[in-house]
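Note sheet for the following structure.
Values quoted throughout were computed directly from the atomic coordinates according to the rules given, and no laboratory measurement underlies them. This structure is a prediction, so every number in the text was calculated from the model and none was measured. Reconstructed Cβ throughout: ideal geometry from the backbone, glycine too, with neighbour counts over all protein chains shown.
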Amino acid sequence: MVQTLSYKTKHFLFLLIKISIVIAALYFIYQKLINNNTLHFSDFYIILTENSSFSVKIVSFLIFLSAFNWFLEILKWQTLVAPFKKLALRTATEQTLGALTASLMTPNRIGEYGAKAMYYQSSFQKKIVFINLISNLLQLLATLFFGVIGLFFFIKSYNTNLNLFRLSLYGVGLFAIILLGGYILIKGNFRYKNFSLEKIRQFLIAYPKDKLFFGCCLSFFRYAVFSFQFYFLLLIFQINLSYFEALSIIASMYLLASIVPSIFIFDVFIKGGIAVYLFSFAHVNELHILSIITLMWLLNFVIPSLLGSYYVLKFDLKNRIT
């Protein structure tokens with residue numbers, strides 16, 4: 001009787017935690033939409049309703065791009081986990097979107113690591129953390145690659161008054177830190193409890209390079225999809241910029257936003273401030289840019305988070321992958 005009661009209590013508490021995560025995510029989304037100091041919801045609503053370009057066909061295409069964006073992320077997760085566990089696309093979707101919802105309020109989506117690991121037994125959780133780190137680093141690589149190129153052409157195209165010498169020093173310093181980190185990873189022998197650099201090295205050496213390459217391609221392809229979606233929204237708002245000019249600003253925006261530590265729920269406003277600054281050089285209306293940033297956030301994070309809420313609620317510890 002005591003054991004039964006204990007099980008029921010644990011089950012109830014776990015259910016309460018899942019419900020709390022979903023309610024908290026919904027509450028923060030609501031708060032950031034309604035109490036947005038940079039773009040009031042009433043202004044955002046007026047801008048959308050007055051824009052006759054938002055037809056059913058256009059909205060459907062925007063939703064398709066968001067769905068394709070997350071399909072690539074889900075496929076990447078399925079690919080990267082495949083050397084150790086074969087996941088059905090449905091299972092990869094559950095883990096990806098469920099982890100998105102669970103990590104919504106954590107700084108820089110750090111909660112995603114623990115959320116995805118929860119889908120597996122403890123013996124496999126460390127590998128999942130490493131795989132998730134690889135997945136995020138591949139996406140960051142795409143952001144850095146296109147961002148550096150975009151920032152270079154942005155600085156060349158506009159009188160930004162940015163100090164190229166200081167930017168170069170910053171870039172060299174960042175590159176030196178990456179090299180130092182790589183050297184420590186290869187040669188170091190740091191150990192803390194069951195964590196050691198040697199285990200990470202062995203894991204990376206043994207990891208199939210074809211899966212790594214395919215994951216990298218998916219990251220670059222995903223970057224191309226949501227960058228095009230941003231450009232497409234610029235066209236809808238009748239912002240007259242050439243494709244190359246717009247992409248240089250978009251790439252610069254994602255680059256600068258990626259290196260600013262943030263709580264994920266505030267990511268939309270960090271990108272908003274950076275985007276307003278960068279697009280001001282092209283004399284683009286501030287409200288239009290803030291509206292586009294908000295739409296990108298709604299399409300690519302809020303809607304998937306709402307879908308992920310279902311997976312959070314249906315998550316059961318008994319069904320963890322062994």
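Please order M253, M105 by the number of other Cβ within 10 Å, starting at the fewest.
Starting with the residue having the fewest Cβ neighbours, the order is M105, M253.
Given a Förster distance of 45 Å, report the FRET efficiency between S157 and L13 from their Cβ-Cβ distance, rounded to the nearest 0.05. Each step should come with its number before you reach the end.
Details: r = 57 Å, r/R0 = 1.26.
Once the sixth-power term is evaluated, E becomes 0.20.
Estimate the FRET efficiency between L235 and I34 by the formula 1/(1 + (r/R0)^6), using the beta-carbon distance for r and 30 Å for R0, to the nearest 0.05.
0.60
Starting from the Cα-Cα distance between L133 and V59, subtract it from 0.36 nm times their residue separation and give me the gain in nm to one decimal.
Full extension from L133 to V59 adds 23.3 nm.
5 Å is the cut-off here: which amide hydrogens, built 1.01 Å from N in the peptide plane, fall below it relative to Y120, excluding neighbours closer than 5 in sequence?
When sequence neighbours closer than 5 places are left aside, the close amide H contacts are I321.
What distance in nm separates the two pseudo spin-label positions at A206 and N108, each 7 Å out from Cα along the beta-carbon direction?
Using points 7 Å along Cα→Cβ, the separation is 2.8 nm.
Apply the Karplus parameterisation 6.51 cos²θ - 1.76 cosθ + 1.60, with θ equal to phi minus 60°, to every residue of segment 80-89 and state each ³J(HN,Hα) to the nearest whole Hz, in sequence, with x for glycine and proline.
Whole-Hz 3J(HN,Hα) from phi for segment 80-89: 6, 7, 3, x, 10, 9, 7, 9, 6, 4.
In debye, nearest 20, what is the charge dipole magnitude of segment 70-148 about its Cα centre with +1 on Lys and Arg Cβ and -1 on Asp and Glu Cβ, if you could check?
240
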